[in-house]
Amino acid sequence: MARTACPTGMRARACGTVNGLGTSDWSSGLGETAHEILDGLQQVAAERDVRAAEPALAERVMAVKCHQHARFAQTYADLAAQPRYREATRFFLDELYGPGDFSSRDAQFARIVPALVRLFPREIVATVADLSTLHALSEQLDTAMARTLNVDAMPAAAYAAAWRAVGQPAQRERQIRLMLAVGESLDRHTRSPLLRNSLRLMRRPAEAAGLGALQRFLESGFSSFRAMNGAAEFLGLVAERERSLAQHLFGGGDVNSPGGGVS
């Protein structure tokens with residue numbers, strides 16, 4: 001049941017829906033950070049609408065996502081095997097690189113952005129804004145890659161060719177920077193007893209306001225990063241490997257060849 005995709009950016013707010021949920025009646029009273037969150041959700045919803053109208057495209061997008069999930073697991077298998085980094089690696093793998101369907105979670109977020117801004121500390125709302133922007137950018141790049149494919153399977157060579165066909169190295173770098181920003185924010189938040197206590201105290205109000213999925217995401221992130229007792233080394237390795245992989249792919253390699261970001 002395809003719908004016309006809602007426009008993105010500033011025009012999206014005029015359209016006033018995310019997955020069919022009205023927002024124009026209250027969005028005008030929100031601050032800039034809340035609008036960033038809504039813009040990201042609008043863009044993700046638009047990508048889903050396009051895929052809903054093109055089932056073959058949706059299947060290829062899923063193939064892209066599954067390949068990326070497997071690639072990340074391979075690239076960071078050494079960190080996942082270390083007790084210090086195991087939880088954070090799993091958090092990145094499931095929450096940032098996972099192929100799961102987050103449409104219900106995103107629709108929930110869209111409905112409760114005013115409550116999110118009102119109830120959660122400003123620092124956490126800013127982290128959610130970065131996450132929303134990252135989510136939108138990743139979905140757009142995944143769709144673009146899928147459009148270049150003519151197979152549903154995803155061998156490494158096909159993935160690499162799709163990456164190069166899409167190009168956009170500046171957007172790939174932005175994607176890495178946003179991912180690191182989310183990680184750096186979570187690391188910084190875990191160092192603040194006030195924010196940790198605030199998040200713990202938010203459990204019941206968050207559930208009552210329909211923010212349970214966001215609460216669980218944040219608690220998972222806090223727990224994962226606090227277990228590392230400092231995320232600088234972990235995030236440094238992620239930055240180095242992801243940028244090395246991007247350079248390698250743009251240079252003509254694939255993810256299974258030497259230098260392909262799997263070591």
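Derivation of every value follows stated rules applied to the coordinates shown; laboratory data play no part. What you see is a predicted model, and the numbers here were worked out from it, not measured in a lab. Reconstructed Cβ throughout: ideal geometry from the backbone, glycine too, with neighbour counts over all protein chains shown.
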* Asked: Hey, with R₀ at 25 Å, roughly what FRET efficiency would Asn150 and Gln74 work out to, going by the Cβ-Cβ distance, to 0.05?
  -> 0.50
* Based on the Cβ-Cβ distance from Ser103 to Leu237, what FRET efficiency comes out when R0 is 30 Å, to the nearest 0.05? -> 0.45
* Taking Cα centroids, how far is region 213-235 from region 147-194 in Å? -> 19
* Normalised by the residues of region 27-250, what does the relative contact order come to in percent, with Cα pairs under 8 Å and at least six apart? -> 29
* Contact order normalised by residue count of region 121-222, Cα under 8 Å, 6+ apart, percent -> 31
